[in-house]
Amino acid sequence: MNGWNLAAAVLLGAGGAAALWGVTTGPPARRVIAQNMTTSAVCPALLLLSQGYGRPAYVDLALLLALLGPVGTLVFARLLSDDLSDGPPGAWRLTWTAAGAGAVVVIALCVAAGPGRALVKLLVTGALLIGGNVIASRALAGGFRGVRGG
C-alpha cells in the first residue's frame, strides 16, 4: 500500500462513514445533504486510487461522478421541495470543508501528473466537483438571491 492508496482509504473511511450515517438517519434534508457529500468523498478517493494503482480509467469515473453527483442532488432537491421548504438545510461548513479537501487532492495529483493531458482532465474534474457541490448545496439551502423558483 502506498501513500495515495492510504489517503484514499482514509478519505473513503471518514467521508463514507459520515455520509452513510447521514443518508440512513434523520430527516430528508439531512439525507439530501449526505447524498451530496457522498460525491465529495468518493470522487477525490477515485482520483487518489487512480494515482495509487496507476489506472487512468479511474479518473474517467471520477469525472463522470463529479458531473452527475450534483445533478442527482438537484433532482432530489426538486422532488423533495415540499419536505425541504419547512426548514431548508444548511451545511456550509461541511460544503467548504469537502471543497477544500477536493482541492487539496486535485492540486496534489496535478503536481504528481505534471503537464499534459492528464493535468487538464484533473483540473476539469476538480472544477466540476467543487463547483457542482457548492451550487447543489446552495440550491438545497434555499436557492440564490434574486433567483425565484417558478
In nm, spacing of pseudo-spin labels at C110 and A14 (7 Å Cα→C-beta vector): 2.2
Cα radius of gyration and Dmax for the chain (Å): 15.8, 52
Longest DSSP-loop-exposure-free segment, trypsin sites (Lys or Arg not before Pro), the chain, at most 12 other Cβ within 10 Å: 1-144
Inter-probe distance in nm under a simple model that places probes 7 Å from Cα toward Cβ, at V71 and W21: 3.2
Helical mean residue ellipticity (222 nm; -39500 (n - 2.57) per DSSP H run of 4+; nearest 500) of the chain: -28000 deg cm²/dmol
Per-peptide average of other Cβ atoms within 10 Å, ordering 60-70, 38-48 highest first: 38-48, 60-70
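Every number in this text was worked out from the coordinates using simple rules, so none of it is lab data. As the structure is a computational prediction, the values presented were derived from the model and not from experiment. Glycine gets a Cβ as well: all are built from the backbone with ideal geometry, and neighbour counts include every protein chain shown.
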